[in-house]
Amino acid sequence: MTLLRHLAAAIVVALVLVLLTVRLDAFRDYQMAEVACYVVAVAGLTALVGLSGQISLGHGAFMAIGAYSAALLLLHLHWPLPAVLAAAAVITAASGAVVGVAAARLRGPYLAGATLLLAVALPSLALSDPSLFGGDQGLSVVTSTPAFLGPTFPPTRWQAWLTCGCALITLVLLANLARSRVGRSWRAAGDDEVAAALAGLNVARLRVLAFVVSAACAGLAGALLAITTSIVSPGAFTITLSVALLTGAVLGGLGSLAGAVWGSLVLVLVPTYVMDVAASHGLSSSAGSNIPVAAYGVVLVVVMLLFPDGIQGGLVRLYRPVAARVPAWRGLARRKTTGPATAPAPQPRASASEHQEEGSI
Amino acid sequence: MAELFELTLGGLSVGMIYAAIALSLVLIWRATRILNYAQGGLAMFTTYLAFTVITHTGSYWAGFVVTLVAGLLLGGLIERVVIRPVENKPPLNAIIVTIGLLIFLEGLAGVIYGGQYRSFPAAFSIDGLHVGSLALGISANDVFVAAAVLVAALLLAGLFQYTSVGLRLRAAAFSPPVARLLGVRVGRMLTLGWALAGLIGALAGVLVSPSTFLYPNSMDSVFVLGFTAAVIGGLDSPAGAVAGGLILGVALSYVGGYLGSDVVPLFGLAALVVVLMIRPEGLFSAAAARQV
């Protein structure tokens with residue numbers, strides 16, 4: 001039933017998106033493809049942080065692994081596109097499993113620090129073998145539109161279709177996973193690890209699985225981004241990217257897949273808009289490109305302090321009183337209220353004062 | 001043999017920088033049980049302030065003092081304004097807020113100063129020192145770096161151990177409710193702890209920048225290695241932080257000298273993972289069971 005509902009919604013959205021790509025110009029199609037890439041990555045991250053309660057500041061590094069895998073497979077082995085995308089996701093999932101096994105033993109700040117170090121260290125790996133990874137310049141990724149679309153089909157529209165299609169498939173799969181036994185177990189383990197373990201859940205395995213799923217999404221997103229921008233280079237996968245993904249997840253509402261879409265829209269559209277405004281006011285391009293970075297920071301702090309549920313939480317709050325007045329929608333409204341957003345739990349998992357008593361002086 | 005000697009001394013000098021960052025992280029961790037990911041960003045920003053002062057006045061020491069004062073003020077300000085609301089929330093909230101601060105400071109520095117690499121002056125000569133014909137592999141400035149961090153660490157230890165403020169700081173970190181009952185203004189002590197950490201971080205920034213250049217992300221790798229040093233020493237132990245910094249500095253110096261500088265960040269990651277796997281509470285910290 002849930003599966004059917006998600007599939008139906010995805011098909012409707014797909015139709016709307018196809019109509020939209022035909023109406024929009026090439027640049028907007030390109031932006032749409034970019035949004036779709038971010039949706040894939042942010043959706044994976046929001047599932048990891050919001051559901052399983054683990055944080056990753058290294059998702060930019062996972063995207064880099066997916067992007068470089070895709071570029072190398074296309075360049076040297078000339079695999080067909082679906083196989084490349086699947087392989088990129090699988091390779092990144094495998095690296096996610098490695099990180100996840102290490103991460104399953106780490107908590108809060110340690111995990112964040114270790115994944116942050118991953119984000120800092122991995123780009124230097126790309127520089128270590130310039131003949132394979134292309135050094136600072138990176139690798140160019142050449143793809144062509146499939147033949148059945150005809151020779152005059154705009155490539156940006158094909159990219160928008162490809163990325164949006166992948167994003168929808170990812171969202172449907174994640175939505176079903178979140179509603180399944182696995183998703184419920186993640187939430188249980190994220191909310192209270194000890195209680196989950198006492199209830200018979202294998203917490204360590206659940207935490208690794210969350211990392212694997214999340215990394216697979218990031219890898220797919222990286223491969224799609226490489227195809228959309230036709231280049232992979234270490235400069236594209238800095239800490240700023242990792243933090244941008246986290247910003248998207250937090251801004252949309254942690255644990256909410258719809259929130260991942262809102263967050264990705266903001267991540268792509270706002271920087272472009274800000275840079276246009278900055279350019280029209282005569283600011284240098286370096287200043288213009290840094291304003292969005294500063295804005296990510298402000299958004300993270302303000303949202304976390306004032307609106308921990310993010311955009312999706314705010315929409316649900318607006319929608320609930322309306323839905324309550326329409327008898328036919330009541331069921332929907334109730335279902336929404338039990339939605340995720342576990343991270344900003346009102347009860348602290350361990351209060352600061354409890355912790356401080358172990359402090360040795 | 002001579003090379004080993006050079007690498008060791010050079011590693012100790014760099015290690016003092018990691019030690020300073022680690023020390024500032026430990027100060028904050030002990031006071032508020034929060035890991036401040038913005039510590040590197042804060043150090044980068046105060047170093048830019050020093051850069052502005054130095055270019056306008058021409059005096060290195062004016063910039064040095066301004067940096068330390070700015071670090072003190074900004075550290076306290078950050079605790080009061082954005083950290084206080086998340087102090088008793090789940091750890092994830094504090095992590096996200098400090099990451100937000102980090103990226104905000106980096107973006108702000110980029111907007112104000114641009115993204116280009118700037119060279120930052122050193123306090124003393126950076127020519128290598130010699131004893132007779134033997135090159136030591138360090139410069140007068142490296143000696144100053146090590147001495148400055150050492151003096152700061154000793155002053156801090158003295159403050160905590162022998163003054164009334166230090167006693168109150170320790171009480172507030174040990175047990176806030178009891179300290180409060182005994183008349184300690186716990187909130188102020190937390191602010192002071194963050195301010196002191198800001199000062200140490202600013203010192204690290206101004207000391208490391210002659211060798212890394214100054215740009216908005218210049219402290220990222222220094223910060224993660226400082227974090228690694230703090231984890232090696234144990235997040236609870238100031239002495240461990242200094243020791244961890246020195247161990248890491250020397251180890252990375254050997255790796256860079258014998259295996260090439262490209263693998264240094266990866267080795268840092270490996271060191272962090274190994275320590276977290278084998279002894280997550282750090283080498284110098286009393287083992288404590290995780291609270292449930």
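Numbers at a glance
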quantity	calculated
Selection within the range A:105-135 - within 7 Å of chain B (Cβ to nearest Cβ), within 13 Å of A:Gly235 (Cα to Cα) and of a type in the set (A, V, I, L, M, F, W, C)	A:Val120, A:Ala121, A:Leu125, A:Leu127
For B:Arg118: the one exception among (1) of a type outside the set (S, T, N, Q); (2) more than 30 Å from A:Leu57 (Cα to Cα); (3) surrounded by fewer than 18 Cβ atoms within 10 Å (Cβ to Cβ)	(2)
Filter result for A:Ile231 (under 23 Å from A:Pro271 (Cβ atoms) and at pLDDT 85 or above)	no
Segments classed as helices (runs of 4 or more DSSP H), wholly inside the range A:195-297, with at least 3 members that are of a type outside the set (Asp, Glu), surrounded by 22 or more Cβ atoms within 10 Å (Cβ to Cβ) and away from chain B (no Cβ under 14 Å)	A:203-229, A:257-280
Residue in the range A:256-263 that is at pLDDT 80 or above, among the aromatic types (Phe, Trp, Tyr) and within 26 Å of A:Leu117 (Cα to Cα) present	no
Residue match in the range B:216-228 (condition: surrounded by fewer than 24 Cβ atoms within 10 Å (Cβ to Cβ), closer than 13 Å to B:Leu27 by Cα and either within 14 Å of chain A (Cβ to nearest Cβ) or within 16 Å of the chain's Cα centre (by Cα) (or both))	no
Residue check, B:Ser253 among the small types (Gly, Ala, Ser), over 17 Å from A:Leu111 (Cβ atoms) and over 21 Å from the mean Cα position of the chain (by Cα)	no
Leading residue by the ranking (modelled with the lowest pLDDT) among those in the range B:121-140 that are among the polar types (S, T, N, Q) and surrounded by fewer than 16 Cβ atoms within 10 Å (Cβ to Cβ)	B:Ser133
Residue tally, condition over 16 Å from the mean Cα position of the chain (by Cα) and small (Gly, Ala, Ser), over the range A:139-180	6
Filtered residue count, the range B:81-115, keeping only those that are aromatic (Phe, Trp, Tyr) and surrounded by fewer than 20 Cβ atoms within 10 Å (Cβ to Cβ)	1
Unique residue being at the interface with another protein chain (Cβ under 10 Å from one of its Cβ atoms), in a helix (DSSP H, G or I) and at negative phi when the list is B:Ala202, B:Ala171	B:Ala171
Residue identified as surrounded by fewer than 24 Cβ atoms within 10 Å (Cβ to Cβ), away from every other protein chain (no Cβ under 14 Å) and not aromatic (Phe, Trp, Tyr) among B:Val143, B:Val184	B:Val143
Count of residues meeting criterion [within 11 Å of chain B (Cβ to nearest Cβ) and not in a helix (DSSP H, G or I)] in the range A:298-308	1
Counted residues, the range B:106-117 - those being of a type outside the set (D, E, K, R), in contact (Cβ under 8 Å) with a residue 60 or more places away in the chain and within 7 Å of another protein chain (Cβ to nearest Cβ)	4
Test: residue in the range A:137-146 that is more than 30 Å from A:Ala14 (Cβ to Cβ) and not polar (S, T, N, Q)	yes
Residue list for the range B:24-45, filter: more than 13 Å from the chain's Cα centre (by Cα), assigned to a helix (DSSP H, G or I) and not aliphatic (A, V, I, L, M)	B:Arg30, B:Thr32, B:Phe45
Residue list for the range A:184-194, restricted to those being more than 14 Å from every other protein chain (Cβ to nearest Cβ) and within 21 Å of A:Val99 (Cβ to Cβ)	A:Ser185, A:Trp186
Checking B:Leu283 against (1) within 25 Å of B:Thr46 (Cα to Cα); (2) assigned to a loop (DSSP other than H, G, I, E, B), the condition it does not meet	(1)
Residue list for the range A:209-232, filter: small (Gly, Ala, Ser) and in contact with a Leu (Cβ under 8 Å, 6 or more places away or on another chain)	A:Ala210, A:Ser214, A:Ala218, A:Ala223
Some residue of the range B:166-181 being out of contact with any helix residue (DSSP H, G or I) (no Cβ under 9 Å at 6 or more places or on another chain) and modelled with pLDDT of 85 or more	yes
Residue selected from the range A:228-258 under the condition among the hydroxyl-bearing types (Ser, Thr, Tyr) and touching a strand residue (DSSP E or B) at 6+ places or on another chain (Cβ under 9 Å), by the criterion nearest to A:Arg157 (Cα to Cα)	A:Ser230
Qualifying residues in the range A:309-324 (those that are buried (at least 17 other Cβ atoms within 10 Å of the Cβ), out of contact with any helix residue (DSSP H, G or I) (no Cβ under 7 Å at 6 or more places or on another chain) and not aliphatic (A, V, I, L, M)) - the one farthest from the other protein chains (Cβ to nearest Cβ)	A:Gly313
Among the residues listed as A:Leu17, A:Leu4, the single one being part of a helix (DSSP H, G or I) and surrounded by 14 or more Cβ atoms within 10 Å (Cβ to Cβ)	A:Leu17
Among residues of the range B:47-101, those that are within 14 Å of another protein chain (Cβ to nearest Cβ) and part of a loop (DSSP other than H, G, I, E, B), counted	4
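Yes/no per residue for (1) in contact (Cβ under 8 Å) with a residue 12 or more places away in the chain; (2) farther than 26 Å from B:Leu269 by Cβ:
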| residue | (1), (2) |
| --- | --- |
| B:Ile138 | yes, yes |
| B:Phe144 | yes, yes |
| B:Leu169 | yes, yes |
| B:Leu181 | no, yes |
| B:Thr191 | yes, yes |
| B:Ile200 | yes, no |
| B:Phe213 | yes, no |
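The values are calculated or read from the model by the stated rules, or taken from the named source; none is laboratory data. No experiment lies behind these values; they were computed from the predicted model shown. Ideal geometry is used to build each Cβ from the backbone, glycine not excepted, and the neighbour counts take in all protein chains shown.
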